[in-house]
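The values are calculated or read from the model by the stated rules, or taken from the named source; none is laboratory data. Please read all numbers here as calculations on a predicted model, not as lab measurements. Positions of Cβ are backbone-derived with ideal geometry, glycine not excepted, and every protein chain shown enters the neighbour counts.
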Amino acid sequence: MKLQHIAFIMDGNGRWAKKRNKPRVYGHLKGAYKIEEVVRWCAQKGIKYTTFYAFSTENWKRPKSEIDYIFGLLTNKISEFYGRMDKEGVKLVFSGRLREAGEKVYSVCKEYEEKTKNNDRIVVNIALNYGGRAEIIDAINKIIKEGYSSIDEGTFRKYLYKADIPDPDLIIRTSGEKRLSNFLLWQSAYSELYFTEVLWPDFSEEELDKAIEDYNKRQRRFGGIK
Ligand code: FPP
């Protein structure tokens, strides 16, 4: 089955920084730059969709200074990132409860979605203030508002944040944790999962190739038989 969409749980930034006696946020800075590299590698390999878990609905429990830093990274670095990514044909989209992340964050997200909407080499979906359960609840509330009394899976899908992005074929989580942490709960039903010990700022093209090789060896049966 052709690999179209890879989703990344970018874990281990804090530990990466700590190992270097640096503040945790330094790990997030390196982690943000890593997104660009990974997007470039994926585009070169013909992957059409990528999703990056940048901030979860649970991450508000972190110290305010760290939260501000992560959103600051987005709002301050995005034009720099955009300049380079636009040349790569990147269509940037954002998924999550964006309005709850503040007016500034919301308007930056919408601005760059608009600016890149005609790019078609690779979609980069940034999950920001994202939670899989929140996404399902948000979909249900929209469905209720529309007055449905019952729906099917195909209809439900249309109410997810990015209905036109296919489900991830492969989800890669760095830093050795083996869980989904509320990421793409609906969309991950048949995703292949790949876990690596490497911390996100150290994620390399070689690691990406290993994950893809592993994916290519697996048999996806979607509940059927071969
Ligand atoms: C997990 O590492 C990482 C995060 C919660 C934040 C990821 C955010 C970025 C890479 C920046 C995103 C920026 C933009 C511009 C989209 P952790 O802090 O949980 O690491 P630890 O488990 O080692 O503590």
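Condition check: at pLDDT 95 or above, hydrophobic (A, V, I, L, M, F, W, C) and either under 23 Å from ARG220 (Cβ atoms) or surrounded by 13 or more Cβ atoms within 10 Å (Cβ to Cβ) (or both). Does ILE172 satisfy that? Yes. Number of residues in the stretch 89-105 that are more than 24 Å from ASP169 (Cβ to Cβ) and either buried (at least 16 other Cβ atoms within 10 Å of the Cβ) or touching a residue at least 40 places away in the same chain (Cβ under 8 Å) (or both): the value is 4. Among the residues of the stretch 38-54, write down those that are among the β-branched types (Val, Ile, Thr) and assigned to a helix (DSSP H, G or I). Scanning the stretch 38-54 gives VAL38, VAL39.
Evaluating GLY224 against the criteria (1) over 25 Å from TYR33 (Cα atoms); (2) at pLDDT 95 or above leaves one unmet condition, (2). Filtering the stretch 55-86 to residues that are β-branched (Val, Ile, Thr) and within 8 Å of the ligand (Cβ to nearest atom) leaves ILE70, ILE78.
Residues are listed down the side, and each one gets a yes or a no for (1) within 20 Å of VAL108 (Cα to Cα); (2) without any contact (Cβ under 8 Å) to a residue 24 or more places away in the chain:
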{"residue": "MET1", "(1), (2)": "no, no"}
{"residue": "ASN13", "(1), (2)": "no, no"}
{"residue": "THR50", "(1), (2)": "yes, no"}
{"residue": "LYS87", "(1), (2)": "yes, yes"}
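Taking each residue of the stretch 198-226 that is of a type in the set (Val, Ile, Thr) and looking for partners that are exposed (fewer than 14 other Cβ atoms within 10 Å of the Cβ) and outside any loop (DSSP other than H, G, I, E, B) with beta-carbon atoms closer than 8 Å, six or more apart or interchain, yields nothing.
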